[in-house]
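K.L.:
Could you have a look at this structure, given as structure tokens, before my questions?
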Amino acid sequence: MSKRWLKDFLRYINKVFLPEGCTKWAKDERKDPEIEPGTIWVTLLIGFALQVQSLEELERRAKESFKKLLPRKQRPPSADTIRHSSIGMELEPIKKLYIAVINKARRSKMLPTIDHYRVAAIDGTGIFRTQSRCCNACQEVHHQDGTTTYEHKIVTCQIVGGKPPIILGFEPIKPGEGETTASKRLVDWLYQVYKHFADIVVVDAGFAKAPFINHLCSKNIHLVVRLKDKRMHIVKDAEGLFSRQVPAKTWREDKSSTTHLDISAWDEEQFNSWDGMKKPLRVVKIVESRYGYAIVGGKRQEAIERHEILVATTLSKNEAPPELIREIIHRRWEIENTGYHELKGNWNMGHCFIHQEVAFQVILWFMFLAVNLFWLFLYRNRRSYANSGFSAREIAEKMRNALEYIRDRSLARYLFDTC
């Protein structure tokens, strides 16, 4: 069975997701190249699906076994060829391929939902930093010890609420701008290419800014946002009102035979005290009390943990009860856990593959495309994967081993029109 992982993956993405002749879309600035841009595309896509950690590793693996994935007239590219091609690569054809894959998944109803709502999280993260090299897209960060680092940051949008955790797209954060500015640009792009890309967008407190919320509302997309800044008028008004009320709803969740949560929710609509907001908001306060046991001084004692969450949303009480608002705000963590943590841990997103303004975007688009196709294969084609006990890293290892030892030279038919 392990020998079939790679062939089944290639067959699945070819049959279901990759448009016919898509490798011919690839274009770069090289003149009469010996290695076609489409070959660079395939090398990057399969390399990231196999979780390569650097271009040097990709070059070694390509020379050893990628000939089985390429037409007979093409040879695997070197790391320098990939760098040179990526620096002059056209981004729009790559995005066209990316969009085609996402749209196919959407039409096939492969994206998860939360209580019939499609929920997406938007957040920012750093990609890599260096002290010795910089480009026009770098952000300079000056430290107290007098040193300067050059960083690249992005904002991404990812579907949350289940598997597969599809990444809809990303936008670089330009020098001198913040996450919300780049996020507004990302929302515009997502709406342009996918139209109604999500029913609800959930964000952390760093995005609790009126221009960003108004921008989402103009697209008819609902928002759920965490509130942490106690200086905000809406926070003061909500806390003052809730302090004089009993909870609107209480319930209990059993986590295990010895642990349970007691949850209380306060819920009010028509808050107009957020400066700059074009419509009133609803505020929900959630208090979770976890009852369990802890070992203190070698003795088992009862332990109680209390956690408060304050949330603003454009969803009405009729559209989403407090239980759903709580689930959505907790699901926001998936962009951190199954998103950035997974990407940096398994796919080495934090590594500087190529430090150049266009090339680093080429790398990210193919990395995210490979990740999306990898998850779609595991959760929509191999439905038994969730209960198999294998990690994503182990599956990638099985695919690497299969490519190394397989003798079938016809694998290229899954990636190119002719072999």
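K.L.:
Can you run down the residue pairs with Cβ atoms below 7 Å, 6 or more apart or on separate chains, where the first is in the range 93-113 and more than 11 Å from residue 380 (Cα to Cα) and the partner is surrounded by fewer than 19 Cβ atoms within 10 Å (Cβ to Cβ) and β-branched (Val, Ile, Thr)?
P.N.:
99/193; 104/16
K.L.:
Right, here's the next one. Could you pull out the residue among 303, 265 that is on the phi < 0 side of the Ramachandran plot and at pLDDT 95 or above?
P.N.:
Just a single option satisfies the conditions, and that option is 265.
K.L.:
Please determine, by comparing only the residues of the range 303-318 that are touching a residue at least 40 places away in the same chain (Cβ under 8 Å) and more than 26 Å from the chain's Cα centre (by Cα), which one is farthest from residue 224 (Cα to Cα).
P.N.:
Out of the qualifying residues, it is 317.
K.L.:
Looking only at the range 370-384, count how many residues are over 17 Å from residue 345 (Cα atoms) and either part of a helix (DSSP H, G or I) or of a type outside the set (D, E, K, R) (or both). Spell out how you get there, then give the answer.
P.N.:
Start the filter on the range 370-384 by keeping residues that are over 17 Å from residue 345 (Cα atoms), which leaves 373, 376-384.
The next check asks that each one be either part of a helix (DSSP H, G or I) or of a type outside the set (D, E, K, R) (or both); those that pass are 373, 376-381, 383-384.
Counting residues in the range 370-384 that are over 17 Å from residue 345 (Cα atoms) and either part of a helix (DSSP H, G or I) or of a type outside the set (D, E, K, R) (or both) gives 9.
K.L.:
Test residue 79 against the criterion of being surrounded by 19 or more Cβ atoms within 10 Å (Cβ to Cβ) and out of contact with any Phe, Trp or Tyr (no Cβ under 9 Å at 6 or more places or on another chain), and give yes or no.
P.N.:
no
K.L.:
Being closer than 26 Å to residue 104 by Cα and not in a helix (DSSP H, G or I) is the requirement here; does residue 416 meet it?
P.N.:
In short, yes.
K.L.:
Hey, could you check the range 268-308 for residues that are more than 18 Å from residue 251 (Cβ to Cβ) and of a type in the set (Lys, Arg) and say which is surrounded by the fewest Cβ atoms within 10 Å (Cβ to Cβ)? Give the derivation first.
P.N.:
Residues of the range 268-308 more than 18 Å from residue 251 (Cβ to Cβ): 268-283, 293-303.
Filter again for of a type in the set (Lys, Arg), leaving 278-279, 282, 299-300.
On the way: 278: 10, 279: 11, 282: 21, 299: 7, 300: 10.
This residue is 299.
K.L.:
Name the residue, out of 353, 360, that is closer than 25 Å to residue 82 by Cα, outside any helix (DSSP H, G or I), among the aromatic types (Phe, Trp, Tyr) and touching a residue at least 12 places away in the same chain (Cβ under 8 Å).
P.N.:
353
K.L.:
Return only the number of the condition from (1) within 26 Å of residue 139 (Cβ to Cβ); (2) buried (at least 19 other Cβ atoms within 10 Å of the Cβ) that residue 351 does not satisfy.
P.N.:
Result: residue 351 fails condition (2) only.
K.L.:
While we're here: Yes or no: residue 312 closer than 30 Å to residue 127 by Cα and of a type in the set (Gly, Ala, Ser)?
P.N.:
For residue 312, the condition - closer than 30 Å to residue 127 by Cα and of a type in the set (Gly, Ala, Ser) - is met.
K.L.:
Restricting attention to the range 127-169, report how many residues are of a type in the set (Gly, Ala, Ser) and free of Cβ contacts under 8 Å to residues at least 60 places away in the same chain.
P.N.:
Residues that pass the stated criteria total 3.
K.L.:
Cβ-Cβ under 6 Å, sequence separation 6+ or interchain: first residue in the range 251-275 and in contact (Cβ under 8 Å) with a residue 40 or more places away in the chain, partner loosely packed, with under 15 Cβ neighbours inside 10 Å and part of a loop (DSSP other than H, G, I, E, B). Which pairs?
P.N.:
271/280
The values are calculated or read from the model by the stated rules, or taken from the named source; none is laboratory data. Nothing here was measured: the structure is a model prediction, and the numbers come from that model. Neighbour counts run over all protein chains shown; Cβ positions are idealised from the backbone, glycine included.
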